[in-house]
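Structure record follows, encoded as structure tokens.
The values are calculated or read from the model by the stated rules, or taken from the named source; none is laboratory data. This is a predicted model, so every value here is computed, not measured. Here Cβ is always computed from backbone atoms with ideal geometry, including for glycine, and neighbour counts include all displayed protein chains.
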Amino acid sequence: MSTLTDTSSRRVAVPSWLRNPALGLFFLAPLVAEFFLGDFPLTMIFAIIPLALWYGGSAVLIREVVRRRGLCWPSILLLGSAFAVVEEGLLTMSLFNPDYAGAHLLDKGYIPALGIGTTWTVYVLCLHVGWSIATPIALAEAAAGQRGNIPWLGRRGLIVTGVCVVLGAVFTFATNYPQFGHFLASPAQLLACFIIAASCVVVALCRPVWISRGRTRRGSAPSLWWVFAVIFLCAGAFQLDSAIDTTWIADTTVVVAIVVALGSLGWWSRSDGWSQRHVLAAASAMLLTYTWHAFFSTGVVPSTPMVLLVSHIVYAVAAVAILLICWRRVGRGAGQDRVAVSSADSARRSLAIRPGASTATAPTTRSPSE
């Protein structure tokens, strides 16, 4: 009998790397960034593998660096900004290509001296920060439960992730350059993007001033539904950008939506009772915004209306399923978690891990989801 039991347990054993939340984030990031957005139909789902090299690798690397250094969400957003500038300024160069995808992206708010369109620049950079990086990380950490805010990778895992990012960058450039007119930005434009991205990285990793201030506001955190509603409205207003023809109205709408969303989250996160659940509420609003927005998207790959409709329905169901999993798992040990987007206490309690140390041996007393 014991032999049968031992054999059964060996059969259901799963390799540790398959149980690592980093693997889920690796594939979740491109799924959200390109598929749930509506750019790729279901028939292109195989493209998630090469896309994961850049999107997934970058999201995992950003998250690991931030959690290992005991930093908080502002650092994730800054590193996400660097990611966005590198992708759109150095790899696809859509910030400067007037004929990118034949979409005339630079027509609105074009600034000849810089060679950019203000509307597209603000929109696409913030799109990557919010949906390509921040939302997948928040969802993956929620789904990880009590492991949400400890590093998930050792030294070898970080090296592999770094290699994936480099390969993903090469793939992104190699596929975009010939496909969209062999366009190259000017040396000055490329240098400016490099400096901006590098500056974001430096500021993100140098324990910005907002971390040292600590929690300064008294009062209770808002309800989960209130967080969801505010972020859902802001994200929806942000996505209206393409539907507004007047440049100054479109730009103003996007900027106001961003300021209100970030300002609200920054204010709320310094309140007593702010938790991982509030972060998940915000991420849920972001994900569901992509879900409804996809139904109004024609995508970047030619498809029949029926294929697009079926794809968007499948993506919507998948998004809801992901949220159900996240909400179920975030409750495990989340009753006492306190998130600090701008808290020194959270940074001080961050995990101290030696290079190459296994997460399996790391202490788990840290506050989940700073």
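Tabulated data
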| quantity | calculated |
| --- | --- |
| Failed criterion for residue 186 (all others in (1) modelled with pLDDT under 95; (2) surrounded by fewer than 13 Cβ atoms within 10 Å (Cβ to Cβ); (3) of a type outside the set (A, V, I, L, M) hold) | (1) |
| Extreme residue, farthest from residue 29 (Cα to Cα), among residues of the stretch 298-332 that are surrounded by 14 or more Cβ atoms within 10 Å (Cβ to Cβ) and of a type in the set (Ser, Thr, Tyr) | 303 |
| Selection count where residues are without any contact (Cβ under 8 Å) to a residue 12 or more places away in the chain and of a type in the set (Lys, Arg), scope the stretch 259-277 | 0 |
| Only one of 228, 232, 295 that is more than 27 Å from residue 145 (Cα to Cα) and either surrounded by fewer than 19 Cβ atoms within 10 Å (Cβ to Cβ) or touching a helix residue (DSSP H, G or I) at 6+ places or on another chain (Cβ under 6 Å) (or both) | 295 |
| Set 65, 85: member being buried (at least 22 other Cβ atoms within 10 Å of the Cβ), closer than 26 Å to residue 153 by Cα, at pLDDT 95 or above and under 18 Å from the mean Cα position of the chain (by Cα) | 85 |
| Qualifying residue in the stretch 41-56 (condition: more than 30 Å from residue 277 (Cα to Cα) and either surrounded by 22 or more Cβ atoms within 10 Å (Cβ to Cβ) or basic (Lys, Arg) (or both)) | yes |
| Which numbered condition residue 294 misses (of (1) modelled with pLDDT of 90 or more; (2) within 30 Å of residue 101 (Cα to Cα); (3) more than 18 Å from the chain's Cα centre (by Cα)) | (3) |
| Search result, residues across the stretch 278-297 that are touching a residue at least 60 places away in the same chain (Cβ under 8 Å) and not hydrophobic (A, V, I, L, M, F, W, C) | 278, 290, 291, 293, 297 |
| Of the criteria (1) of a type in the set (S, T, N, Q); (2) in contact with a Gly (Cβ under 6 Å, 6 or more places away or on another chain); (3) within 30 Å of residue 38 (Cβ to Cβ); (4) surrounded by fewer than 17 Cβ atoms within 10 Å (Cβ to Cβ), which one residue 179 fails | (2) |
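For every residue, the table says whether it meets (1) among the aliphatic types (A, V, I, L, M); (2) surrounded by fewer than 21 Cβ atoms within 10 Å (Cβ to Cβ).
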{"site": "104", "(1), (2)": "no, yes"}
{"site": "109", "(1), (2)": "no, yes"}
{"site": "120", "(1), (2)": "no, no"}
{"site": "126", "(1), (2)": "no, no"}
{"site": "135", "(1), (2)": "no, no"}
{"site": "138", "(1), (2)": "yes, no"}
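Here's the yes/no breakdown for (1) at pLDDT 95 or above; (2) closer than 21 Å to residue 323 by Cβ:
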{"residue": "109", "(1), (2)": "no, no"}
{"residue": "124", "(1), (2)": "yes, no"}
{"residue": "129", "(1), (2)": "yes, yes"}
{"residue": "138", "(1), (2)": "yes, yes"}
{"residue": "147", "(1), (2)": "no, yes"}
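A quick yes/no check of all residues on (1) modelled with pLDDT of 95 or more; (2) under 30 Å from residue 220 (Cβ atoms):
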| residue | (1), (2) |
| --- | --- |
| 302 | no, no |
| 314 | yes, no |
| 323 | yes, yes |
| 336 | no, yes |
| 355 | no, no |
| 358 | no, no |
| 362 | no, no |
| 370 | no, yes |
